[in-house]
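Note sheet for the following structure.
Here, each number is a calculation from the coordinates, and none is a lab measurement. What you see is a predicted model; the values in this text were computed from it and never measured. Every residue, glycine as well, gets a Cβ built from its backbone with ideal geometry; the counts of neighbours run over all protein chains shown.
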């Protein structure tokens, strides 16, 4: 790096890697699925990639390429690349305009080949004929400076909108058959894409624990809102650290386990840092709901205040803590709902009860608190 400042940055990153531990080694290959050896385990990848990005920014060599990975029943584990405007690439792919289109958009520090994308992709393809497209914006996402990342979300959304118009214009696929599924910052990319598509409307947006952080101070024109698609649903699982508590992001807002501590955390899926297990829980719940649309029954809360105070109750009265749900979270295809909803989950997969009932439970501490306690005990 050739400078004292550069050496300090390098030393800091090495220290961070030693502090957090490398965890699992990078696992990648030709085939991509939610199975051992077929998707990347992000514990070490995130640190390494962020270091590379920071170094590239310092040296002014950072490329900002986006790419789209297509998976269908004809290529369920081997991606085919798509690019807006590249008709030859589209014609040589297995994209079928008669099949619904589901576009997955990862969040900060993500890539298209992480296990959290694999689990959703596999869930859709388990249902039958789908075009599943995973956006990779990792060149921008692998940046430790989240404020800098946030400033690029609109331009990324513009590229996604360009792809959707390209697919529609050249294959005739209806916009209503296109869903966007975004995690964290990917939720807001989804919302911004929906705005850019108007007056056309996409079928649905599923926002999986939409990001808070810098988005908390933004107006509706700069973030996800409830009219960015024909139907917008948000699933909240981490209000403690990375999630967004707003009920104005979507038509139906689901607060799983009050949006606080998730019972299976920390790190039951072994694909993320312990402290973001709550944040990623929405991904795994949603994937399960795609496979089994009636896994997660939920009860409608009477008000935001009832949700915040963890006092949502069954509508049947009598103080009962078990009741029939008013609707189901997630699912495929989307079933429009409106309101603020609560549900609880099981401690192990499958996380949904699948019995149509809601079991109202008290909030539990978040992953962040439990991780901090464990580190104190070990220290």
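Each of 205, 133, 144 was scored by other Cβ atoms within 10 Å of its Cβ. Listed from fewest to most, they are 144, 133, 205. Compared with the direct C-alpha span, the chain from residue 347 to residue 364 gains 4.9 nm at full extension, assuming 0.36 nm per residue. Residue order for 143, 274, 355, fewest other beta carbons within 10 angstrom first, comes to 355, 274, 143.
Could you calculate the contour length gain from residue 304 to residue 35, that is, 0.36 nm times the residue separation minus the distance between their Cα atoms, to one decimal place in nm?
Details: separation 269, 0.36 × 269 = 96.84 nm, distance 3.90 nm.
My answer for the length gained is 92.9 nm.
Tell me, what is the FRET efficiency for residue 74 and residue 162 to the nearest 0.05, using R0 = 30 angstrom and their Cβ-Cβ distance as r? Efficiency at R0 = 30 Å is approximately 0.75. For the peptides 209-219, 259-269, 301-311, 187-197, the ranking by mean Cβ contacts within 10 Å, running from highest to lowest, is 187-197, 259-269, 209-219, 301-311. Take the Cα of residue 338, step 7 Å toward its Cβ, do the same at residue 217, and the gap between the two points is 3.3 nm.
Order by neighbour count: 314, 115, fewest other Cβ atoms within 10 Å first, most last. Write down the numbers at each step before the final one.
Numbers: 314 18, 115 24.
If I rank by nearby Cβ atoms, fewest first, I get 314, 115.
Estimated from the Cβ-Cβ distance and a Förster radius of 25 angstrom, the FRET efficiency linking residue 67 and residue 248 is about 0.15.
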